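Heads up, the thing below is written out as structure tokens.
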Protein chains: 2
Amino acid sequence: MKIDYDAIVQAGNRISAHINYTPILTSSALDALTGAALFFKAEHLQKAGAFKARGATNAVLNLTKSERINGVATHSSGNHGAALARAAKIVGIPAYIVVPKNANEIKKAAIASYGGVVIECESTLESRQATLAQVIEEHAATPIPPYDHEDVIIGQGTTAIELISQVPHLTRLVVPVGGGGLLAGTSVVAARYENVQVFGAEPALADDAYRSFQSGVRVKSHAPDTIADGLRTTLGELNFEIIKDNVTDILLVSDDEIVHAMKLIWTRLKQVVEPSAAVTLATVIRYPEIFNNERVGIVLTGGNIDPGNLPF
Amino acid sequence: MKIDYDAIVQAGNRISAHINYTPILTSSALDALTGAALFFKAEHLQKAGAFKARGATNAVLNLTKSERINGVATHSSGNHGAALARAAKIVGIPAYIVVPKNANEIKKAAIASYGGVVIECESTLESRQATLAQVIEEHAATPIPPYDHEDVIIGQGTTAIELISQVPHLTRLVVPVGGGGLLAGTSVVAARYENVQVFGAEPALADDAYRSFQSGVRVKSHAPDTIADGLRTTLGELNFEIIKDNVTDILLVSDDEIVHAMKLIWTRLKQVVEPSAAVTLATVIRYPEIFNNERVGIVLTGGNIDPGNLPF
């Protein structure tokens, strides 16, 4: 399947009965603080608490009968795992989810709550991949990777279709980049709109997408140590091919800036978002020369925090 | 002015240009947990982060020109103070706010952000009243108390008018009780509806409303020590007169139950609410015999937390 605007529109129709059409939130205080008009797409209010429900649901609904029969499997730092478990439950098949030991407990519990089977591994990409390969062999399950997959990228892109239809005359889109599923899908949608520039927001402590984008060569492994647990993944291959052609820039922020932005979203918007979601607002605050006086669409990607383990 | 349904409808019209018409939030997970259909009125998304904007705005807009001239004054554990400062700013007059030293810093900062003058005192009712009397004498300001006041009670009642119009066939309303402004106003509105029972939700560690309701004699002073900082006030006189005639019951919950409910609201609804707001859900969980299989309207009263000082 080709990853283009029409495929994303079709995916939106395919998944619409199974996901939330999330609202746009605004805050005059945050607009005043940033000197921009900010429009927050509330994907933390999405099913399973993150935009990941879109890609996972699209991928599962697109499986053939024979691909479905033994269930699906993935590795995930959490949100894709819960989303895939939920999508598998919709069609009544098993889901095997490989999760790094250091993933947050709330995310693991969410996977289990949808009937997913949680299998723990080390946090390195190598351990994730080896454990997943073993699971796939054992159960003959179909792998649905968290981001480096056509149907997943297409599904995540539906976020941008909605956001652009909800807010007229956007000039900037800012989404977090981890594996690059959301950023790739968003950039394909935005390519339709001449005046919309797309930025990836990335923790400086997990800067593989930044380095890949700057050098033109994908960084294939790194040792991320950021508080933004959803962004510790490594930029995908397919994702990088799309991102390097369609994204305006990747912008870095520190973990301190992420925590500060998270507090602002909590206290001003009164919304519980995870650190990975706050990377976006941190970026808008850090780079006023890019966002001042612009109409900025921001994706609040997820809200799956562990209240017993907060960064403040 | 008489405190009745019509006065509350009129107040709703008076303040509507200056407050948010807040949405209703739902959660299938919380419905499953409680065995009830829960409808959360999102007053933590109200202007200044709490329903208190309603009563304060109504009271200020109702002042005569001569009452306005030297500004307004109050004592408040925080949210009424910010709401009054904001209301005063709308009409361009000063606001003097007496705040207990142990009130949370975010609430004090909010008062200042609306141009209110913060005056600190001890946390006892006696100290609050003495300090306020001094401020009123010094500035010749008009007192707008946080709850024991006709226009304030009427203004808070507008929450229930909206909630009932947003959700058909409610059978229970649950609101926190501190001074009793919201509970009194809510009970007057609900008295119009035969099938709606109204409950006050109160921390066991600040049980003056419960004891007053049980004995029929208002408890005039107590030493509250609950985490629910917005509910450390003492039940008002006018409030008690209305509550004892119109409320079905006052129900108590422990601070542990409040914190548990607060975590549920944060992780399931993804909404930042303060402990005082979570007393409601804690009550629904604690008393299944009252709420099972009912359609329950719950007011999430405020979201002004200090992220550096959370109870978990």
I need the calculated FRET efficiency for the pair A:Ser165 and B:Gln214, taking r as the beta carbon distance and R₀ as 45 Å, to the nearest 0.05.
0.25
B:Ile90 label points, 7 Å along Cα→Cβ, one per copy: pairwise distances from this copy to the rest in nm, shortest first?
4.3
Over the stretch B:53-143, what is the mean sequence separation of C-alpha contacts under 8 Å (at least six apart), divided by residue count, expressed as relative contact order in percent?
32
Ordered by fewest other Cβ atoms within 10 Å, a rough proxy for footprinting exposure, A:Thr171, A:Thr22 read A:Thr171, A:Thr22
Evaluate the relative contact order of chain B (contact order divided by residue number), counting alpha-carbon pairs under 8 angstrom at least 6 apart; express in whole percent.
22
If the elastic network links every pair of Cα atoms under 10 Å, which of A:Ala29, A:Ala184, A:Ala42 fluctuates the most in the Gaussian network model of chain A?
A:Ala29
Given the convex hull of the Cα atoms of chain A, what is a quarter of its surface area in nm²?
14.0
With the alpha-carbon atoms as the only input, what is the per residue convex hull volume for the stretch B:6-101 in Å³?
123
Based on DSSP H assignment, which helices of chain A show an axial Cα extent of at least 15 Å together with a mean Kyte-Doolittle hydropathy greater than or equal to 1.0?
A:275-286
Cβ-based charge dipole, the protein assembly as shown, positive-most Cα from B:Gln10, B:Val273, B:Phe240:
B:Gln10
Among the residues of chain A, which one places its Cβ closest to the rotation axis that maps chain A onto chain B, and what is that distance in whole Å?
A:Val272, 3
So the compactness index of the protein assembly as shown, its C-alpha Rg divided by 2.2 N^0.38 Å, takes the value 1.02
Placed amide H near B:Cys121: partners under 5 Å, 5+ positions off or other chain:
B:Val99, B:Lys101
Ellipsoid semi-axes in whole angstrom, largest first, where each is sqrt(5λ) of the Cα gyration tensor of the stretch B:169-213:
21, 10, 8
Qualifying lysines (Cα of each under 19 Å from Cα of B:Lys52; at least 8 residues distant if same chain)
A:Lys270, B:Lys41, B:Lys89, B:Lys107, B:Lys108
Can you sort B:Phe312, B:Phe291 from fewest to most other Cβ atoms within 10 Å of each residue's own Cβ?
B:Phe312, B:Phe291
What does a probe at B:Ser113 reach in the stretch A:34-63, counting residues whose amide N is under 20 Å from the point 7 Å along Cα→Cβ?
A:34-41
For the stretch B:53-143, what is the largest minus smallest coordinate of the Cα atoms on each principal axis, given in angstrom and ordered from greatest to least?
34, 26, 18
For the stretch B:174-312, what's the relative contact order in percent, using C-alpha pairs closer than 8 Å and at least 6 residues apart?
28
Taking amide H atoms as placed 1.01 Å from N in the peptide plane, list the residues 5 or more away in sequence, or in a different chain, whose amide H sits under 5 Å from that of A:His75.
A:Val98
Note the distances from A:Ser123 to each other copy's matching label point, with points 7 Å along the Cα-to-beta-carbon direction, in nm, sorted shortest first.
3.8
Other-copy label distances relative to A:Gly35, 7 angstrom Cα-Cβ extension, nm:
5.8
Would you grab the residues whose amide H sits under 5 Å from the one on B:Val253? Only those 5+ places off in sequence or on another chain, please, with H modelled 1.01 Å from N.
B:Glu202, B:Ala204
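Every read-out reported here was derived from the displayed coordinates using simple, explicitly stated rules and does not represent laboratory data. None of these values were measured; they are calculated from a predicted model. Neighbour counts are summed over all protein chains in view; Cβ atoms, including those assigned to glycine, are modelled from backbone coordinates with ideal geometry.
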